[in-house]
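The values are calculated or read from the model by the stated rules, or taken from the named source; none is laboratory data. Predicted model, so just to flag it, every value in this text is computed and none were measured. Here Cβ is always computed from backbone atoms with ideal geometry, including for glycine, and neighbour counts include all displayed protein chains.
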């Protein structure tokens, strides 16, 4: 005789582990959920409101510089170390995790610190009795006093000190350099706070950038010069020029390390290839470029901070037009940096604001940061974990911001993370509908910026109407309208 019994699985009706939430039974039949979309819209609206309610982007302010901060450099191997250079020639090394000053290089230069960079390589000692002065990492600085100086970026008595867990062998293996003598500093004993090496030039240096894998760096002045870091105080290995104008910014490509991109005072952007020791191509924009940054995920893409209040992205394979225009600033864009994920950009502007952008969405910035005391922003940087943004302004303060304004900085439980992910998904799905779109777009900005935005909108609309009327009264085919992305480039030279 066959007996039918009612059985229930505990896996379907009881928590899998102690402390887990009990399983929820759901009927996915649409007939049983006639108000599914209105309920989801209400949840998205609540998520958008809560996101703005908890939006507190400011984290910390690092004070101490007497003059403005005009250059920043983040360590490529340490998340919590950043260097700042001011207008009075002072360099400071900061610990972001503990939010305090690590070391000060007073009177590092006799003029404004134009650029800073940290070497991604580790250097070994063996040439000096003072091991703490010749081991560890290097920081490079350049100034208008016609010098490039190399500094010890590990200014602690024990060399690596609190960073002793860092594996130098992994660094050398990743860089492709296995000869430790090649990375040797080759410098005599130096006093604490003194430069390890000094490279002299004939003109003021405007920018400096380090090779991704080799102990070489490039400088920008009236020419692009390549130097050997293992030859302390030596002459430049090579010099590349294109015209009499000076180079204002310079960046090594981290994926194709023999490629450089630079901007000139003649409104140009130039690509250089060290393998051929000559420039590849040159484009002239409508206004001057203040800063450049390569994409960490797309080796052919770089961002341009321009004097015309806009930021552009270009593909080096086709420089006849910009790939995207990012509009929003009402002052010159002074600095730009990519988030390490390659999905976000951060810019600092002369209008005293810091803006965050999503790649490919240039019509409106994702967020805007400003304070009453923050003045013109000359340098910005995104941390290597893509969670924070650094800004240096001419009020002498280095500020630390969240990349996501409403993100919780403490410990996040699994339930909190799941709830946050669900709320973010709802906001992304409904961010173009009704009040959700209004809340997502609205940002409080200073009155001066709002006034400039209205004036700019009026001028743009007037130009658009004028162009439409001109085309309406012009013979068809006489003059075709030029796309905005193509009108950015005034000329191209090969």
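Taking only region 414-428 into account, find how many residues are over 26 Å from residue 337 (Cβ atoms) and either modelled with pLDDT of 90 or more or in contact with a helix residue (DSSP H, G or I) (Cβ under 7 Å, 6 or more places away or on another chain) (or both). Before the answer, list the steps.
First, pick out the residues of region 414-428 that are over 26 Å from residue 337 (Cβ atoms): 414-419, 421-423, 425-426.
Of the ones still in play, those that are also either modelled with pLDDT of 90 or more or in contact with a helix residue (DSSP H, G or I) (Cβ under 7 Å, 6 or more places away or on another chain) (or both) are 416-419, 421-423, 425-426.
Summing the residues that are over 26 Å from residue 337 (Cβ atoms) and either modelled with pLDDT of 90 or more or in contact with a helix residue (DSSP H, G or I) (Cβ under 7 Å, 6 or more places away or on another chain) (or both) in region 414-428 gives 9.
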**Prompt:** Do we have residue 61 as touching a residue at least 12 places away in the same chain (Cβ under 8 Å), farther than 20 Å from residue 143 by Cβ, buried (at least 16 other Cβ atoms within 10 Å of the Cβ) and touching a strand residue (DSSP E or B) at 6+ places or on another chain (Cβ under 7 Å) here?
**Reply:** no
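Only one of these is touching a helix residue (DSSP H, G or I) at 6+ places or on another chain (Cβ under 9 Å) and not in a loop (DSSP other than H, G, I, E, B): 51, 12. Name it. Walk me through how you get there before you give the answer.
Working: 12 fails: touching a helix residue (DSSP H, G or I) at 6+ places or on another chain (Cβ under 9 Å).
On inspection, the qualifying residue turns out to be 51.
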**Message:** Just to check your reading of the model, which residue among 421, 494 is over 30 Å from residue 62 (Cβ atoms), exposed (fewer than 11 other Cβ atoms within 10 Å of the Cβ) and touching a strand residue (DSSP E or B) at 6+ places or on another chain (Cβ under 6 Å)?
**Reply:** 494
**Item:** Among residues of region 331-366, those that are surrounded by fewer than 20 Cβ atoms within 10 Å (Cβ to Cβ), in contact with a strand residue (DSSP E or B) (Cβ under 8 Å, 6 or more places away or on another chain), under 22 Å from residue 452 (Cα atoms) and in contact (Cβ under 8 Å) with a residue 24 or more places away in the chain, counted
**Value:** 3
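Take residue 396 and tell me if it is over 18 Å from the mean Cα position of the chain (by Cα) and farther than 29 Å from residue 483 by Cβ. Before the answer, list the steps.
Values: over 18 Å from the mean Cα position of the chain (by Cα): yes; farther than 29 Å from residue 483 by Cβ: yes.
For residue 396, the condition - over 18 Å from the mean Cα position of the chain (by Cα) and farther than 29 Å from residue 483 by Cβ - is met.
Here is a yes/no grid of residues against (1) surrounded by 20 or more Cβ atoms within 10 Å (Cβ to Cβ); (2) more than 29 Å from residue 145 (Cα to Cα); (3) in contact with a helix residue (DSSP H, G or I) (Cβ under 6 Å, 6 or more places away or on another chain):
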position	(1), (2), (3)
69	yes, no, no
73	yes, no, no
76	no, no, no
83	yes, no, no
93	yes, no, no
98	no, yes, no
105	yes, no, no
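Within region 202-215, track down each residue that is out of contact with any helix residue (DSSP H, G or I) (no Cβ under 8 Å at 6 or more places or on another chain) and over 24 Å from residue 89 (Cα atoms). So that I can check it myself, show each step before the final result.
The initial filter retains those residues of region 202-215 that are out of contact with any helix residue (DSSP H, G or I) (no Cβ under 8 Å at 6 or more places or on another chain), namely 202-211, 215.
Hits for region 202-215 are 211, 215.
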**Request:** State all residues of region 354-376 that are assigned to a loop (DSSP other than H, G, I, E, B) and more than 23 Å from residue 114 (Cβ to Cβ); if no residue qualifies, say none.
**Result:** 359, 360, 361, 362, 363, 364, 365, 366, 370, 371, 372, 373
**Prompt:** Going through region 311-330 one residue at a time, which ones are free of Cβ contacts under 8 Å to residues at least 60 places away in the same chain and within 25 Å of residue 453 (Cβ to Cβ)?
**Reply:** 311, 313, 326, 327, 328, 329
**Asked** Among the residues of region 453-470, is there at least one that is within 29 Å of the chain's Cα centre (by Cα), surrounded by fewer than 12 Cβ atoms within 10 Å (Cβ to Cβ) and at pLDDT below 90?
**Response** no
**Request:** Look through region 21-41, keep the residues that are touching a helix residue (DSSP H, G or I) at 6+ places or on another chain (Cβ under 9 Å) and without any contact (Cβ under 8 Å) to a residue 60 or more places away in the chain, and return whichever of them is farthest from residue 430 (Cα to Cα).
**Result:** 22
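Return the residue satisfying two criteria in turn: it lies in region 22-37 and is surrounded by 10 or more Cβ atoms within 10 Å (Cβ to Cβ) and in a loop (DSSP other than H, G, I, E, B), and of such residues it is modelled with the highest pLDDT. Before you say what the answer is, go through the steps one by one.
The initial filter retains those residues of region 22-37 that are surrounded by 10 or more Cβ atoms within 10 Å (Cβ to Cβ), namely 23, 33, 36-37.
So of that shortlist, the ones also in a loop (DSSP other than H, G, I, E, B) come out as 23, 33.
Values: 23: 81, 33: 84.
It comes out as 33.
Residue by residue, here is whether (1) surrounded by fewer than 12 Cβ atoms within 10 Å (Cβ to Cβ); (2) touching a strand residue (DSSP E or B) at 6+ places or on another chain (Cβ under 8 Å); (3) at pLDDT 95 or above; (4) assigned to a loop (DSSP other than H, G, I, E, B) holds:
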position: 378; (1), (2), (3), (4): no, yes, yes, no
position: 381; (1), (2), (3), (4): no, yes, yes, no
position: 386; (1), (2), (3), (4): no, yes, no, yes
position: 390; (1), (2), (3), (4): no, yes, yes, no
position: 395; (1), (2), (3), (4): no, no, no, yes
position: 400; (1), (2), (3), (4): no, yes, yes, no
position: 412; (1), (2), (3), (4): no, no, no, yes
